[in-house]
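Below is one structure, written out as structure tokens; comments come after it.
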Amino acid sequence: QQAEIGVTGLAVMGRNLARNFARHGHVVAIHNRTFAKTQALIDEAGSEGTFVASESLEDFVASLARPRKIIIMVKAGPGTDAVIDELVPLLEEGDIVVDAGNAHFPDTIRREQQLAEHGLHFVGSGVSGGEEGALNGPSIMPGGSRKSYESLGPLLEDISAKVDGTPCCTYIGPDGAGHFVKMVHNGIEYADMQLIAEAYDLIRRGTGKSPAEIADIFTEWNSGELESFLIEITAEVLRQVDAESGEALVDVILDQAEQKGTGRWTVQNALDLGVPITGIAEATFARALSGSVPQREAARDILPAGTVEWHVEDPDAFVEDVRRALYASKVVAYSQGFDQIAAASDEYGWDIDRGAMARIWRGGCIIRARFLNRITEAYERDEKLPLLIADDFFAGVITECLEAWRRVVAGAAQNGIPTPAFSSSLAYYDGVRADRLPAALIQGLRDLFGAHTYRRVDKDGTFHTEWGGDRSETAVGGGFK
Ligand code: 6PG
């Protein structure tokens, strides 16, 4: 029997994706570099559907119906190129190779071009939702040619998460678009997690509540407008007690946050495109700060807080303030992430539909949240919306949260509690809504020390003041530098 789809790389994500296809009634070809993993899948989950197991890559390829659809699920990096190099000679025109790992999108662009030269389709696809999502329905972000989506899309949509009957999978755009969108998803995931961590820290230090008590607060938040997977699992982590010490697990976990690179790539790309994704950037740097061990040691006993003891008068009101600060900052992080997607879509010619991105993030993925519906609606109202937080609904949310947000950021600053994501989001909010920014002074300085020129508010053109001479102004030709 010819298989409809193949999966090579049967570590936990690949294995679960293969099982997901099988459970949906698709015949799945499976392959792994070492056969033991393939055998283990058959032994443990073979009864869930129809698997066609192969020991060699040749047999694996031969077991697939044409056009072949092969999902590579290996650790992102050189391993992906190695598998592609082995596969290409075995494939025929029109076959589809899907990289479902967290590849960096420039690699995906390169691989797509490389395979197109062989008449093959290469699909860089984001897959979010971790192990559980891969098995029971992830959010899937496939890029590549539209043609490839005709035959691949229905299969992916079938195994994806569904929200209100709508699959959390859609065609994203050419070459690197799918992996790009997954990268920004992860950037937002970083921001979301940092905001949650700051909220927890503020409540703990401001009210003295225990992790278990704070878990209850998160559970309560999860029944309101903040409802989301990350809020839900925060309660779970905070409630966990360490068997060995009897302490809250969160108190025995080393406070150094790691990362595999997607957040860093998001920030690097935002710098290239000139998009201020300050929430995501601060979240990424906060992880780096947590891991800056020598610097933290050097600072700990030397640098004073210079603050007074913190007394939160009304703990319930304070918790509600923190909830609002979290909501507003979270909206800013999403707004910034969607700006980055728009800028990249223009820059790389991807034509990405931002409303559809919010739609496929409603289920399956790590950042799934109730309020994503509202983002989709905002882009449905205005496809070209220049700023998500300026949409009526989100402007309303922020207006409701604003006073609380300012109180929280000011209180944190006064009491020496680091809230990089809360505060930078508020600074972004105040920056983007400002009538005038002190950027005018920066332009003046640049002109003085480097004759970099400036534009004026009252007439077109580019100007330079003769700082070293009579301080008269001259109109200079050329564009704005
Ligand atoms: C997902 C996750 C997944 C992974 C992150 C973790 O969407 O399922 O984002 O891709 O858990 O890459 O990233 P860090 O190790 O960088 O935190």
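Scan segment 171-205 for residues that are more than 16 Å from the ligand (Cβ to nearest atom) and open to solvent by 10 Å² or more (accessible area, probe 1.4 Å) and jot them down. Break it down stepwise before answering.
Residues of segment 171-205 more than 16 Å from the ligand (Cβ to nearest atom): 171, 173-177, 198-205.
Selection gives Y171, P174, D175, Y200, D201, R204, R205.
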Would segment 115-123 turn up any residue that is within 16 Å of the ligand (Cβ to nearest atom), surrounded by 23 or more Cβ atoms within 10 Å (Cβ to Cβ) and not aliphatic (A, V, I, L, M)?
no
**Residue within segment 258-279 that is of a type in the set (S, T, N, Q), within 16 Å of the ligand (Cβ to nearest atom) and farther than 15 Å from M193 by Cβ present** = yes
Being closer than 21 Å to A358 by Cα and among the acidic types (D, E) narrows E157, E117 down to just E157
Restricted to segment 345-367 and to residues being open to solvent by less than 50 Å² (accessible area, probe 1.4 Å) and among the aromatic types (F, W, Y), the residue nearest to the ligand (Cβ to nearest atom) is W361
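Criterion first (more than 20 Å from W221 (Cα to Cα), charged (D, E, K, R) and in contact (Cβ under 8 Å) with a residue 24 or more places away in the chain) does R359 satisfy it?
Yes.
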Take N102 and decide whether it is more than 21 Å from N32 (Cβ to Cβ), of a type in the set (S, T, N, Q), surrounded by 15 or more Cβ atoms within 10 Å (Cβ to Cβ) and within 16 Å of the ligand (Cβ to nearest atom).
-> no
Across (1) in contact (Cβ under 8 Å) with a residue 12 or more places away in the chain; (2) touching a strand residue (DSSP E or B) at 6+ places or on another chain (Cβ under 7 Å), R471 clears everything bar (1)
Cβ pairs under 6 Å, 6+ apart or interchain, first in segment 256-267 and more than 18 Å from G176 (Cβ to Cβ), second within 10 Å of the ligand (Cβ to nearest atom), ordered by first then second residue, are A257/R287; Q259/R287
Quick count over segment 91-144, residues being within 17 Å of L155 (Cβ to Cβ) and part of a strand (DSSP E or B), is 16
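Right, A248: away from the ligand (no atom under 16 Å from the Cβ), open to solvent by less than 50 Å² (accessible area, probe 1.4 Å) and more than 23 Å from F371 (Cβ to Cβ) or not? So that I can check it myself, show each step before the final result.
Working: away from the ligand (no atom under 16 Å from the Cβ): yes; open to solvent by less than 50 Å² (accessible area, probe 1.4 Å): yes; more than 23 Å from F371 (Cβ to Cβ): yes.
Here the answer is yes, as A248 does meet what is asked.
Any idea which residue in segment 268-295 is surrounded by the fewest Cβ atoms within 10 Å (Cβ to Cβ), counting only those that are polar (S, T, N, Q) and touching a residue at least 40 places away in the same chain (Cβ under 8 Å)? Steps first, please.
Taking segment 268-295 first, the residues polar (S, T, N, Q) are 268-269, 278, 284, 290, 292, 295.
Among the residues that remain, those that are also touching a residue at least 40 places away in the same chain (Cβ under 8 Å) are: 269, 278, 284.
Details: N269: 22, T278: 24, T284: 24.
This residue is N269.
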By residue number, the members of segment 72-89 that are more than 30 Å from the chain's Cα centre (by Cα) and open to solvent by 50 Å² or more (accessible area, probe 1.4 Å) are E86, P89
Does at least one position in segment 141-156 carry a residue that is buried (at least 23 other Cβ atoms within 10 Å of the Cβ) and within 15 Å of the ligand (Cβ to nearest atom)? yes
Only unsatisfied item for E93, checking (1) loosely packed, with under 14 Cβ neighbours inside 10 Å; (2) closer than 17 Å to G173 by Cα, is (2)
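Given the criteria more than 30 Å from S345 (Cα to Cα), open to solvent by 30 Å² or more (accessible area, probe 1.4 Å) and not in a loop (DSSP other than H, G, I, E, B), does A404 qualify?
On the way: more than 30 Å from S345 (Cα to Cα): yes; open to solvent by 30 Å² or more (accessible area, probe 1.4 Å): no; not in a loop (DSSP other than H, G, I, E, B): yes.
No, not satisfied.
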The residue that is farthest from R287 (Cα to Cα), considering only those in segment 417-433 that are open to solvent by 40 Å² or more (accessible area, probe 1.4 Å) and in a loop (DSSP other than H, G, I, E, B), is R433
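The values are calculated or read from the model by the stated rules, or taken from the named source; none is laboratory data. Just so you know, these numbers come straight off a predicted model, no measurement behind them. Glycine also receives a Cβ, built like all others from the backbone with ideal geometry; neighbour counts cover every protein chain displayed. Surface areas here come from the heavy atoms of the whole protein model, side chains and all, with no ligands, DNA or RNA. Shrake-Rupley method; radii C 1.70, N 1.55, O 1.52, S 1.80 Å.
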